[in-house]
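Notes for the one structure printed next.
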Amino acid sequence: MLRVGMLTSGGDCQALNAAMRGVVKTLLNMSDEPLEIYGFLDGYQGLIYSRFKMLTGKDFSGILTEGGTMLGTSRTPFKDIEKPDANGLNKVDAMLQNYYKLQLDCLVILGGNGTHKTANLLREKGLNIITLPKTIDNDLWGTDMTFGFQSAVDIATNAIDCIHTTAASHGRVFIVEVMGHKVGWLTLNAGMAGGADIILLPEIPYDINKICKKIEERDKNGSRFTIIAVAEGAISKEDAKLSKKEMKKKMENYPYPSVSYEVAARIQEKTGREVRVTVPGHVQRGGSPCPYDRVFASRLGAEAGKLILDRQFGFMVGYKDREIVRVSLEDVAGKLKYLSPDATIIQEAKMLGISFGD
């Protein structure tokens with residue numbers, strides 16, 4: 001009997017179901033042993049508190065195109081994972097006990113950066129772990145691509161596309177705020193695909209004067225409008241110089257809902273131009289996965305299934321140079337894949353006339 005546990009942790013995204021389907025279909029097609037699938041509910045919470053349901057191959061039929069996750073998810077911060085819960089329960093010990101109680105041969109974990117830290121901790125504790133790279137931010141180290149990213153790019157790009165017509169009609173400056181607290185892959189790709197004139201990223205601190213200069217240049221050249229794609233983690237050059245303590249103090253009295261509204265207020269103050277802000281928000285994580293993500297997640301799931309059958313554990317299934325690869329979990333955990341300001345895609349965007357406010 002082959003017993004496999006599965007859970008999805010952290011923020012949801014498109015193609016989680018497609019990835020799990022890929023794992024299970026591969027095991028059903030290739031394993032000579034009977035298969036038991038234990039789906040833990042709501043991420044690590046299900047593993048901690050032994051909340052799970054038994055699944056069969058039929059449960060994975062018809063879910064290729066469904067967004068979200070059939071198992072539910074939750075955030076269980078890594079910084080708190082070794083702290084007892086409100087009732088004094090040791091969460092790590094509870095996860096280990098439930099794994100062994102169910103006599104699992106492997107636990108497949110789908111998640112992003114924080115999820116991988118906990119997954120690696122469980123590996124260090126002796127559990128057989130395989131992970132799949134899920135996040136719309138595409139910020140996991142060790143893989144060129146994460147599933148959910150391309151679907152989110154499509155949605156964010158569509159938001160920018162839709163803003164173009166109203167921005168042109170009214171001759172306004174429009175800001176579209178795209179998800180991404182620490183990295184700018186999503187904003188960069190959506191901004192370029194949507195024809196944004198200015199793109200603000202966490203990795204490239206902006207100068208508000210440079211932004212206003214770009215807007216004024218467009219005005220002089222006869223452009224009635226300007227589109228700005230802003231990552232939710234974008235930061236000004238002034239704020240980038242602040243210490244963590246100073247930044248925390250500033251945010252305690254921050255008068256804006258998000259950085260996009262601060263940028264809008266400062267542009268209006270300096271240029272007198274009318275500025276509108278649009279925030280697609282969690283729409284970017286929802287809906288059906290795009291065809292690319294359906295194929296990509298299925299490929300990752302298939303490789304994860306093969307790893308289980310080969311009894312090869314302690315790996316994240318990643319993507320390098322257009323090939324599916326196995327990446328050591330200990331190399332992945334705790335590392336983010338930042339966008340370098342010197343990346344060729346940034347230089348090429350600048351060649352196209354896109355400003356990054358730097």
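The values are calculated or read from the model by the stated rules, or taken from the named source; none is laboratory data. Bear in mind the structure is a predicted one, so any value in this text is a computation, not a measurement. Neighbour counts run over all protein chains shown; Cβ positions are idealised from the backbone, glycine included. Just so you know, the surface numbers come from the protein's heavy atoms only, side chains and all, with ligands and any DNA or RNA stripped out. Shrake-Rupley method; radii C 1.70, N 1.55, O 1.52, S 1.80 Å.
What the table shows:
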| quantity | calculated |
| --- | --- |
| Surface accessible to a 1.4 Å probe, residue 269 within the full protein complex, Å² | 150 |
| Carbon and sulfur %, accessible surface of the chain computed with the full protein complex present, 1.4 Å | 49 |
| Calculated SAXS-style log₁₀ I(q)/I(0) at q = 0.07 Å⁻¹ - the chain, Debye, Cα scatterers | -0.34 |
| Straight-distance crosslink candidates among lysines, where the alpha carbon sits under 16 Å from residue 101 and sequence neighbours closer than 8 are dropped | 53, 91, 125 |
| Over 25 Å between alpha carbons, listed pairs 134/306; 117/249; 250/270; 83/306; 237/350; 237/270 | 117/249; 83/306 |
| Å² per residue, accessible surface of region 110-199 at 1.4 Å | 27 |
| Accessible-area order (highest first, 1.4 angstrom probe) of the listed residues 185, 141 | 141, 185 |
| Normalised contact order of region 236-358, rounded percent, pairs of Cα under 8 Å and 6 or more residues apart | 10 |
| Whole-Å semi-axes of the ellipsoid equivalent to region 109-218 (Cα gyration tensor, √5λ, descending) | 36, 15, 8 |
| Top of 116, 170, 181 by mean-square fluctuation, Gaussian network on the chain, Cα under 10 Å | 170 |
| Cα-centred dipole magnitude for the chain, charges only on beta-carbon of K, R (+1) and D, E (-1), debye, nearest 20 | 400 |
| Charge dipole (region 155-251, unit charges on Cβ, about Cα centre) - positive-most of 200, 225, 171 | 200 |
| Percentage relative contact order, the chain, counting C-alpha pairs under 8 Å, at least six apart | 24 |
| Relative contact order for region 151-274, counting Cα pairs under 8 Å that sit 6 or more residues apart, in percent | 30 |
| Of the trypsin sites (Lys or Arg not before Pro) in region 84-126, those whose Cβ has at most 15 other Cβ within 10 Å and which sit in DSSP loop | 125 |
| Simple Cβ-charge dipole of region 282-350, Lys/Arg +1 and Asp/Glu -1, about Cα centre, in debye nearest 20 | 180 |
| Helix-only [θ]222 nm of the chain, DSSP H runs n ≥ 4, -39500 (n - 2.57) each, per residue, nearest 500 | -12000 deg cm²/dmol |
